[in-house]
Amino acid sequence: MRMAIAQYYPRASPIHRLDPRCKVVAVAALVVGLFLRSSFAALAVYGLVAVAGLLLSGVPLGWVARGLRPVVWLLVLTFVVQLLFAPGPAFYTLGPLHLSLRGLAIAGYLSLRLVVLVVASLLLTLTTPPIALTDALAWLSRPLRRLRVPTEELALMVTIALRFIPTLMQEIDTIMKAQRARGASFTRGGPLRRARALVPVLVPLFILSFRRADELALAMEARCYLPGAPRTRLHPLHAHRRDAVVLVLVAALVVLAELI
Amino acid sequence: MSGDAANGHAAGGGGPAGEGLEGQHALGVRCEGLSFWYDEGATRIAALRGVDLTLAPGASVALLGPTGSGKSTLLQLLRGLLAPDEGRVLIDGLAAGEDGYEERERRIGLVFQMPEMQLFAATCRDDVAFGPRQLGWSAAEVDDAVTSALAAVGLPADRFGARHPYSLSGGEQRRLALAGVLAMRPGLLLLDEPFVSLDPASRRDLEAILRGLRATGMGLVLATHDVDRAYGLCDARVVLDEGVVVDAGPWRFGAGGEDALLSHRLKLPFVVELWRRLGRAAAEAPPELAAAAEALA
């Protein structure tokens, strides 16, 4: 069983070395900018930034393509719908279908924007380990602590959840195999029957997960974990001059894209 | 299907009460050039490489090997839960896709490592009945199979049938999971580390049950690194290391580098080790002790 979520691609590149907080802010700025202004020129700027980032990161294109795969259908749908239903003089007519240049432009723009959006976010997840990502989000959401939002605890929860996804996948795989060995079939029958076939998988999975959660909580307490207590980190986040440079550069590009 | 049905009727009719597990047609299995790789992202890891193996009907074979040697993978290939990348599995001489293969494959019982992890029903009876119901047996046949399977693992249906599986002890849960496989009336039973994390009493119970099953003529494959129990239960051994069969056949023991168990991160059975040490001690004994031993004999 393979995971479909975009995974971290470990490598020593300038992009990998950036502070995760810097990367989160930069990508967020790009994404917001992308939606603030709809022009091909702005799109080109953001697209170039994303492509430059990708090339610098040295992540193989295959990994990026794999990350894009889940949105392929959305892309096709967006393109086709816009192409068919956008108003404007037709340049090609086939029966009831009117294809207009305006429609083609809108379809192209929307699809490309989606691609740039996904590539920019992939750039973040492919070059940042999940733990660093949650650390960055915890740091960035620190102002919320004033509103008594337990940001540290939430970040820890996310980290633990991420940590156990592969374990859970492994367990689901084993339990499904074991029930198949007892004659269960997960592909037979209609949707209702298939849903019911999952009961022998889900019940043991939940029981195991609860048991593991209990054990993990005990183990954490035994190692003196105290919710709300200030925590230090094994790898504290350090911002360098390069992070500042990248942020200034991204800010400049966003302003440029919004102005042209 | 006809052989199965005939057995079922015999057990339900004039057969000896409570011994529905006897008289099952034992399956013979052969692997030819079996290879299997696990995909780990960009790399492929060989779990088995060119495994040739013959399991005669009713034979009890220990599948020994260090952790990661491919034991579990081999069991799952035999049961058809994984498809081989190379080679094939023959059951009673039939290859996959041939008439009668699937029905025979279903009669290979596989008890996973820590099988109590798969218990899910509200009562022991229902959990054991899961397999037989999936096979589409009639209510009477299911009932019969469940009762005899529960009896075979020492959890009589009248006392344990209505209990919740998670109210049982660890050892009882393991036996219940075994009953779930036995209820499908297997002609060959594959067990993946059946003794792991059981207390000594539960291990003894389970060992006695497996001995009883062997006596009914059921074939056993015991994948384990518990060499002591394997030696006690099985007639032959297959030693697997890094996905390759490095030794197969009846038990035999050599010294140091010559013994497949010792040279592949396993150990000699305790009795063998004891015997060997006694022999060495006797050879080195002072003459008066040797004389005394002779006089006593």
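Some values worked out for this structure:
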| read-out | value |
| --- | --- |
| Criterion violated by residue B:80 - all others in (1) surrounded by 15 or more Cβ atoms within 10 Å (Cβ to Cβ); (2) within 14 Å of another protein chain (Cβ to nearest Cβ); (3) farther than 12 Å from residue B:29 by Cβ satisfied | (3) |
| Residue within the range A:146-168 that is in a helix (DSSP H, G or I), buried (at least 17 other Cβ atoms within 10 Å of the Cβ) and within 14 Å of chain B (Cβ to nearest Cβ) present | no |
| Total residues in the range A:189-205, condition exposed (fewer than 15 other Cβ atoms within 10 Å of the Cβ) and within 9 Å of chain B (Cβ to nearest Cβ) | 2 |
| Residue ID - surrounded by the most Cβ atoms within 10 Å (Cβ to Cβ), chosen from residues in the range A:211-229 that are more than 29 Å from the chain's Cα centre (by Cα) and assigned to a loop (DSSP other than H, G, I, E, B) | A:225 |
| Boolean, residue B:284 is of a type in the set (D, E, K, R), without any contact (Cβ under 8 Å) to a residue 60 or more places away in the chain, in the same structural domain as residue B:68 (by TED's automatic domain parsing) and exposed (fewer than 13 other Cβ atoms within 10 Å of the Cβ) | no |
| Test: residue in the range B:229-245 that is modelled with pLDDT under 90 and surrounded by fewer than 16 Cβ atoms within 10 Å (Cβ to Cβ) | no |
| Residue selected from the range B:55-79 under the condition assigned to a loop (DSSP other than H, G, I, E, B) and touching a Lys or Arg at 6+ places or on another chain (Cβ under 9 Å), by the criterion farthest from residue B:241 (Cα to Cα) | B:58 |
| Matching residues, the range A:171-188, being in a helix (DSSP H, G or I) and away from chain B (no Cβ under 12 Å) | none |
| Yes/no for residue A:208 being assigned to a helix (DSSP H, G or I), of a type in the set (A, V, I, L, M, F, W, C) and away from chain B (no Cβ under 12 Å) | no |
| Listing of helices (runs of 4 or more DSSP H) fully contained in the range A:1-77 that carry 2 or more residues being within 30 Å of residue A:170 (Cβ to Cβ), assigned by TED's automatic domain parsing to the domain that holds residue A:110 and not basic (Lys, Arg) | A:20-36, A:61-68 |
| Any hit, the range A:98-106, residues being of a type outside the set (Phe, Trp, Tyr) and touching a Ser or Thr at 6+ places or on another chain (Cβ under 8 Å) | yes |
| Helices (runs of 4 or more DSSP H) (entirely within the range B:95-198) containing at least 1 residues that are of a type in the set (Phe, Trp, Tyr) and either farther than 20 Å from residue B:213 by Cα or within 13 Å of another protein chain (Cβ to nearest Cβ) (or both) | B:101-106, B:124-134, B:157-160 |
| Test result for residue A:256, outside any loop (DSSP other than H, G, I, E, B), among the hydrophobic types (A, V, I, L, M, F, W, C) and under 29 Å from residue A:129 (Cα atoms) | no |
| Residue match in the range B:189-197 (condition: farther than 17 Å from residue B:171 by Cα, touching a Pro at 6+ places or on another chain (Cβ under 8 Å) and in the same structural domain as residue B:87 (by TED's automatic domain parsing)) | no |
| Criterion violated by residue A:231 - all others in (1) touching a helix residue (DSSP H, G or I) at 6+ places or on another chain (Cβ under 7 Å); (2) within 12 Å of chain B (Cβ to nearest Cβ) satisfied | (2) |
| Which numbered condition residue B:176 fails, given (1) modelled with pLDDT of 95 or more; (2) touching a Phe, Trp or Tyr at 6+ places or on another chain (Cβ under 8 Å); (3) surrounded by fewer than 23 Cβ atoms within 10 Å (Cβ to Cβ) | (3) |
| Total residues in the range B:259-281, condition out of contact with any helix residue (DSSP H, G or I) (no Cβ under 7 Å at 6 or more places or on another chain), surrounded by 12 or more Cβ atoms within 10 Å (Cβ to Cβ) and part of a helix (DSSP H, G or I) | 5 |
| Leading residue by the ranking (surrounded by the most Cβ atoms within 10 Å (Cβ to Cβ)) among those in the range B:246-258 that are over 18 Å from the mean Cα position of the chain (by Cα) and closer than 23 Å to residue B:210 by Cβ | B:247 |
| Of all residues making up the range B:58-72, the number that are surrounded by fewer than 24 Cβ atoms within 10 Å (Cβ to Cβ) and in contact with a His (Cβ under 9 Å, 6 or more places away or on another chain) | 2 |
| Test set (1) among the small types (Gly, Ala, Ser); (2) away from chain B (no Cβ under 14 Å); (3) in contact with a Lys or Arg (Cβ under 8 Å, 6 or more places away or on another chain) - residue A:219 fails condition number | (3) |
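Let's see how each residue does on (1) loosely packed, with under 12 Cβ neighbours inside 10 Å; (2) modelled with pLDDT of 90 or more; (3) over 30 Å from residue A:16 (Cα atoms); (4) touching an Asp or Glu at 6+ places or on another chain (Cβ under 8 Å):
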residue	(1), (2), (3), (4)
A:88	no, no, yes, no
A:103	no, no, yes, no
A:116	no, yes, no, no
A:177	no, yes, yes, no
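The values are calculated or read from the model by the stated rules, or taken from the named source; none is laboratory data. As the structure is a prediction and not an experimental result, all values here were calculated from the model. Glycine gets a Cβ as well: all are built from the backbone with ideal geometry, and neighbour counts include every protein chain shown.
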